[in-house]
Amino acid sequence: DAGVIQSPRHEVTEMGQEVTLRCKPISGHDYLFWYRQTMMRGLELLIYFNNNVPIDDSGMPEDRFSAKMPNASFSTLKIQPSEPRDSAVYFCASSFSLGGTEAFFGQGTRLTVV
Amino acid sequence: AQKITQTQPGMFVQEKEAVTLDCTYDTSDPSYGLFWYKQPSSGEMIFLIYQGSYDQQNATEGRYSLNFQKARKSANLVISASQLGDSAMYFCAMREIQGAQKLVFGQGTRLTINP
């Protein structure tokens with residue numbers, strides 16, 4: 001398996017534009033996590049899915065953020081409209097449902113909003 | 001609510017010395033897993049080691065070992081014979097097994113190995 005695949009790797013956008021980040025989890029994994037990493041706030045869990053269903057979105061900072069998982073092999077994180085404070089590295093990770101198994105991370109998307 | 005605390009923002013260690021990175025946690029779930037990840041300057045998240053709450057022995061993986069003290073709710077990572085390539089950010093994480101299986105991370109510790 002190629003691992004968790006995120007796209008794009010880098011995104012530079014202007015304030016106010018819509019941004020869509022994409023993630024393809026490892027085949028067979030039934031949990032998918034979205035994280036945001038910044039120097040100030042560290043690694044924050046934004047939302048996670050189990051079997052394509054959102055379980056907890058309490059980490060989503062505000063209504064400008066939304067996430068979907070239309071099928072087991074694809075998820076998106078959308079920011080609309082984007083703001084400079086959204087600049088961060090966004091990670092997607094996937095795992096099996098057993099709590100004792102590690103989550104595998106994608107390479108991350110570095111988002112810069114100017 | 002589950003919480004992970006790493007109190008050492010940065011650590012500096014001489015090459016070949018052992019180093020201990022601290023991690024404490026809080027949870028009401030009796031069944032949980034503890035993880036350590038390494039993030040080098042290139043940015044990827046690398047899984048290092050896992051400890052289950054019911055495991056009787058401390059986990060080991062090569063030069064990595066986890067000093068698990070359940071009563072104190074601590075899960076410190078020990079790196080033996082440190083190498084220059086160990087310089088990175090290290091994150092402790094916890095996942096409740098009986099609950100919603102949320103995976104949460106601590107703030108991280110930046111480890112620098114000096115030659």
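Beyond 29 Å in Cα-Cα separation lie the following of the pairs A:Lys24/B:Lys73; B:Lys3/B:Lys38; A:Lys68/B:Lys70: A:Lys24/B:Lys73; A:Lys68/B:Lys70.
Compute the separation of the alpha-carbon centres of the stretch A:63-114 and the stretch B:63-115 and state it in Å as a whole number. Each part's Cα centre sits 23 Å from the other's.
What percentage of all Cα-Cα pairs in chain B are separated by more than 24 Å? In whole percent, the long-distance tail amounts to 20.
Estimated from the Cβ-Cβ distance and a Förster radius of 41 angstrom, the FRET efficiency linking A:Asn71 and A:Arg41 is about 0.85.
The charge dipole of the stretch B:14-115, taken about its Cα centre with unit charges on the Cβ of Lys, Arg, Asp and Glu (plus for the first two, minus for the last two), comes to roughly 100 debye.
Each of the peptides B:62-70, B:18-26 was scored by the mean count of other Cβ atoms within 10 Å over its residues; in descending order, highest first, they stand as B:18-26, B:62-70.
Based on DSSP, what percent of beta bridges with both residues in the protein assembly as shown are antiparallel, to the nearest 5? All intermediate terms of the calculation are to be shown ahead of the outcome.
On the way: 71 of 80 bridges.
Given both bridge residues lie in the protein assembly as shown, the antiparallel proportion sits at roughly 90 percent.
Out of B:Thr24, B:Ser42, B:Gln6, whose Cα points farthest toward the positive end of the dipole of the stretch B:3-42 (charges: +1 Lys, Arg; -1 Asp, Glu; placed on Cβ)? So the residue we want is B:Ser42.
Calculated on the alpha-carbon coordinates, the convex hull of chain A measures out at 94 cubic angstrom per residue. Look at the alpha carbon pairs under 8 Å that are at least 6 residues apart: their mean separation over the length of chain B gives a relative contact order of 38 percent. Peptides A:42-49, A:29-36, B:2-9, B:93-100 ranked from most to least packed by the mean count of surrounding Cβ atoms within 10 Å: A:29-36, A:42-49, B:93-100, B:2-9.
Residue by residue along B:40-49, Cβ atoms of other protein chains within 10 Å of the local Cβ number 4 on average.
Nearest 100 Å² is fine: what is the total accessible surface buried where chains A and B meet, probe 1.4 Å?
1600 Å²
Taking all protein chains as shown and a probe of 1.4 angstrom, A:Lys68 keeps an accessible surface of around 130 Å².
In a simple Cβ point-charge model (Lys, Arg +1; Asp, Glu -1; nothing else charged), the protein assembly as shown has a dipole of about 160 debye relative to its Cα centre.
Taking N as the residue count of the protein assembly as shown, its C-alpha radius of gyration divided by 2.2 N^0.38 Å amounts to 1.01. The stretch B:1-57 and the stretch A:10-27 have Cα centres separated by 29 Å.
With a 10 Å cut-off around each Cβ of B:95-105, the average count of Cβ atoms from other chains is 6. Bridges between two residues of chain A, per DSSP, are antiparallel at a rate of about 90%.
The values are calculated or read from the model by the stated rules, or taken from the named source; none is laboratory data. What you see is a predicted model, and the numbers here were worked out from it, not measured in a lab. Heads up, the Cβs are rebuilt from the backbone with ideal geometry, glycines too, and the neighbour counts pull from every protein chain shown. Keep in mind that these areas ignore ligands, DNA and RNA; they rest on the heavy atoms of the full protein, side chains included. Shrake-Rupley method; radii C 1.70, N 1.55, O 1.52, S 1.80 Å.
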